Amino acid sequence: MRRTIRAATAAGLVVIAGLTLQGTLSASNGDGQGECNAATLSGRYLFANSGTALPPAFGLTVPTPSADAGFHVFNGDGTGTDTVTVRIGGTIVLRNLVTPITYSVNADCTGSYSVANGPAFDLFIAPDGNEFALIATDPPGNYPSSIHRRVSRR
């Protein structure tokens, strides 16, 4: 009887492990439940970047140390806002600026994001939406690439 119970328990654990692995693999390759969409990004995400802005970004004529910090609010529908402070050299050029954003998310958890009348970025999103990697794609000379983490659902 004990051997039967142990064998049944072991078989059950193997089945559970197999199902868990299948779900993990599914989430990692964009199939099934792991697929992303605009609602994957929802809530507030903190960011901070520092680097060198290159001409012609921001009207610069020489490479200049730069930094920014703030947060994105994604509404889960392809729209949102950014609140950002930007320093170029020793000058604060934007302070707590709130600006609209738009974004798109593909089923494979890649996407794009743009600030109204501003820069554009490519996104690489965790399937659970808790974080994403971002890299600047426009304008030329714009430097950021970083990881952004969700800090609240709203």
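The values are calculated or read from the model by the stated rules, or taken from the named source; none is laboratory data. These numbers were taken from a predicted model, which means no experiment stands behind them. With ideal geometry, Cβ positions are generated from the backbone for all residues, glycine too; neighbour counts draw on all protein chains shown. Heads up: the accessible areas ignore ligands, DNA and RNA and are worked out on the full protein's heavy atoms, side chains in. Shrake-Rupley method; radii C 1.70, N 1.55, O 1.52, S 1.80 Å.
Could you provide, to the nearest whole Å², the per residue accessible area of region 28-154 with probe 1.4 Å?
Computed with neighbouring chains in place, this is 52 Å² per residue.
Where does each of 75-86, 53-64 land if you order them by average Cβ count within 10 Å, highest first?
The densest-packed peptide leads the list: 75-86, 53-64.
Can you compute log10 of I(q)/I(0) for region 54-154 with the Debye formula, treating each Cα as one identical point scatterer, at q = 0.14 Å⁻¹?
Cα-only, vacuum Debye calculation for region 54-154: -0.55.
Let me make sure I get this right: for region 86-128, a, b and c are the square roots of the gyration tensor eigenvalues over alpha carbons, sorted descending. Under 1.5 in a/c it's rounded, otherwise prolate if a/b > b/c, else oblate. Which is it?
prolate
log₁₀ I(q)/I(0) of region 38-101 at q = 0.22 Å⁻¹, via Debye over equal Cα point scatterers, no solvent, to two decimals?
Evaluating at q = 0.22 Å⁻¹ gives log10 I(q)/I(0) of -0.87.
Sum up the charges of everything whose Cβ sits under 12 Å from the Cβ of Y113, counting Lys and Arg as +1 and Asp and Glu as -1, but leave Y113 out.
Taking every Cβ under 12 Å from that of Y113, the sum is -3.
Dimensions of region 108-154 along principal axes (Cα, Å, largest first)?
31, 23, 16
Taking the Cβ of T79 as the center, what net charge do the other residues with Cβ under 15 Å away carry, scoring Lys and Arg +1 and Asp and Glu -1?
With Lys, Arg at +1 and Asp, Glu at -1, the neighbours total 0.
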